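Novice: Starting off with a structure, shown below.
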Amino acid sequence: MQGLSDLFNAAQNTSSASTAGTPVEGAHLFGITLIGATSDNLRKLLLTVGFVLAGWLLTKLLRALLGLFIGSRSGTRFQFWAKQGVSLVVAAILMLAIMSVWFDNPARLAGALALIGAGIAFALQRVITAVAGYFVILRGRTFNVGDRIVMGGVRGDVIDLSFMQTRIMEMGQSPKEQADAPSMWIRSRQFTGRIVTVTNDKVFDEPVYNYTREFPYIWDEINLPVKYDDDYARVEQMLLDSARRHALTHESIGSDEVQRLKDRFGLDVGDIDPRVYWRMTDNWLELTVRFLVPDHGVRPIKDAMTREILAGLNEAKIEIASGTYAIVEVPPIRVEGLSPAG
């Protein structure tokens, strides 16, 4: 034990002597040496600020050039991917430049990265998850700018995507979706006027519904109750004729697209063309016409079909069925009142 104590004291004296012999470099404030406030670190700090400003200016310049040369001739999707490419390239160059300034020794760089990474991972968990969600969206081709999606409970069209957030032009809900959250005052799939910002980490927590990706169509329906003693076969023909005029058919989308849908999704021509389904109830025969429409502009199509079907029903003297109730037995009713004045 005495030997270990002597060895410790000798090492401590050596360290003290070495420290006393080497002056600590740094700025002085009221006689106190500020560790790290050296001229070398000041130069590195100024160089870092210069790199950040240069990266910001380079990003602005590249985006301006893209908008000048290709923005007017290319679609929104190309502009989106060009913007993301510029951001990723500039961010990678800026990160490499800053690390080269502060960590010229690879051993120091590895240790600093491990320490910084542990601290960032603990303090900024949601931010890191959001950035990871950004790369999942790009790599997994989850959606693009202009796609109509449902993400984080928000329905609408994607208008912007950044490293941490997605901005969505919100749309309303159809009556059958009104029970979903959040509730909506617009009773159709049209814009509400609100722009909603959703963090990208939602791709790990909830499914993302895409109305547009690879299949820019949706199926919709119109239900019509008809009395059993009416000419429901004629009503069925009205529904089919209206759907064929306003909705999509295999003729309107073209043979090439029909073949693509068949090869990619296994859809036959019969799945694309409108079709009417029958369902019996206690009070009426419910006719449902199912038809294919584009991912945008559903409401004008259904509005035109509804007006046309209603005009055809009026011309054929056919009324839309409504609920009927049969009173089986009426209980006796006793009326009591004041006796007349005598």
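None of the figures in this text is laboratory data; all of them are computed from the coordinates on show. If you're wondering where the values come from, they're calculated on a predicted model, not measured in any experiment. Neighbour counts run over all protein chains shown; Cβ positions are idealised from the backbone, glycine included.
Novice: Given the convex hull over the Cα atoms of the stretch 182-221, what projected area results after averaging over all orientations, in nm²?
Specialist: It is 4.4 nm².
Novice: Work out the charge dipole of the stretch 196-298 with +1 on the Cβ of Lys and Arg and -1 on the Cβ of Asp and Glu about the Cα centre, then indicate which of PRO225, PRO207, ILE253 is farthest towards its positive end.
Specialist: Result: ILE253.
Novice: Now for a separate question. Among MET151, MET164, MET280, MET99, rank each residue by its count of other Cβ atoms within 10 Å, from fewest to most, as a rough exposure measure.
Specialist: With the sparsest Cβ surroundings first, the list reads MET280, MET99, MET164, MET151.
Novice: In addition: Can you tell me which of 256-266, 192-202 comes out highest on packing, and rank the rest after it, using the mean Cβ neighbours within 10 Å?
Specialist: 192-202, 256-266
Novice: Residues with amide H under 5 Å of THR212's amide H, sequence separation 5 or more or different chain, H placed in the peptide plane at 1.01 Å from N; which?
Specialist: Distant-sequence amide H within range of THR212: ARG148.
Novice: Among the lysines, which fall within straight-line cross-link reach of LYS83, defined as a Cα-Cα distance under 27 Å, with same-chain neighbours fewer than 8 residues apart omitted?
Specialist: Those lysines meeting the cut-off are LYS60, LYS202.
Novice: Which of the lysines could be linked to LYS302 by a straight reach, that is with a Cα gap under 16 Å, when you skip same-chain ones fewer than 8 residues away?
Specialist: Filter leaves LYS176.
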